[in-house]
Amino acid sequence: MSSRISPDEPFPADLGRLRDQEVEVLNSKVHREIEHEWAEDGEVDPETASRKDEITDELDDRDAGPRLTLVPRQDDGEDDGEDDGEDDGAGRPTTALTGEREPARGGTGTAGRA
């Protein structure tokens, strides 16, 4: 087993299917190959550079984790009998989660809480 991966060696088509540890090992091998190519040729092979970028993107995506966002619902203009999140009856917009709403202007949103 080599401590680096040359541009001629097979490379996984889908890094997303690998376990974290396997991606980390592959990352180390690619970086060792970059160091080797710099020492031997004074430049990095385009395939090795591409592999480094692909692994970096995969690791960054894994570090970022799942992306959850709460976005207020948008009125589609149709009256389908459902609450489209326009307002809560008091003129305050609601969010996508049932029962949540923005605080009244000038308030802290803590009214009625003990």
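A short reminder: the numbers here are calculations on the coordinates, not readings from a lab. The structure presented is a predicted model; accordingly, all values stated were derived computationally and were not measured. Neighbour counts are summed over all protein chains in view; Cβ atoms, including those assigned to glycine, are modelled from backbone coordinates with ideal geometry.
Take the residues in region 1-46 that are outside any helix (DSSP H, G or I) and among the basic types (Lys, Arg), then tell me which one is surrounded by the most Cβ atoms within 10 Å (Cβ to Cβ).
The extreme case among them is Arg4.
Which ones in region 13-34 are among the hydrophobic types (A, V, I, L, M, F, W, C) and either within 17 Å of Pro46 (Cα to Cα) or out of contact with any Leu (no Cβ under 7 Å at 6 or more places or on another chain) (or both)? Spell out how you get there, then give the answer.
Residues of region 13-34 that are among the hydrophobic types (A, V, I, L, M, F, W, C), as a first pass: 13, 15, 18, 23, 25-26, 30, 34.
Hits for region 13-34 are Ala13, Leu15, Leu18, Val25, Leu26, Val30, Ile34.
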